[in-house]
């Protein structure tokens, strides 16, 4: 498999993981709790970095694994699977990260 394809799958998983992390941190949890907690301070940015690093690693791995799972659907099917598996691995990591940091 070409390096370019692997980078495409990893990038698709990373992008999907970043989107789900932002959605969980800025849309879902604030709606659930009834308040927006992000004030733009250094501590908030540190928490986002603390949660974002393991989430991005999980999303990268998910993108690589998801892109390699299916070959029948062609390149489009592989990218969709990379996105799905990237989100599946990034979602629990981001939820645990936000729970540990009391976001």
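Against the test of being surrounded by 15 or more Cβ atoms within 10 Å (Cβ to Cβ) and without any contact (Cβ under 8 Å) to a residue 40 or more places away in the chain, the options 20, 57 yield a single qualifying residue, 57.
Taken as a whole, segment 27-36 holds no residue that is within 16 Å of residue 10 (Cβ to Cβ) and under 17 Å from the mean Cα position of the chain (by Cα). For segment 65-77, a residue qualifies if it is surrounded by fewer than 21 Cβ atoms within 10 Å (Cβ to Cβ) and in a helix (DSSP H, G or I), and the qualifying residues are 65, 68, 69, 74, 75, 76, 77. If you go through segment 63-83 and keep only what is at pLDDT 85 or above and over 11 Å from residue 11 (Cα atoms), you end up with 65, 66, 68, 76, 77, 78, 80, 81. Residue count for segment 34-50 under the criterion of being modelled with pLDDT of 70 or more and either under 20 Å from residue 93 (Cβ atoms) or surrounded by 11 or more Cβ atoms within 10 Å (Cβ to Cβ) (or both): the result is 7. From the list 96, 85, the lone residue that is surrounded by fewer than 19 Cβ atoms within 10 Å (Cβ to Cβ) and within 14 Å of the chain's Cα centre (by Cα) is 96. Any residue at all in segment 2-11 that is modelled with pLDDT under 85, assigned to a helix (DSSP H, G or I) and over 18 Å from residue 97 (Cβ atoms)? No, segment 2-11 has no match at all.
The values are calculated or read from the model by the stated rules, or taken from the named source; none is laboratory data. Bear in mind that the values here come from a model prediction, so they are computed numbers and not experimental data. Cβ: placed from backbone, ideal geometry, glycine included. Neighbour counts: every protein chain shown.
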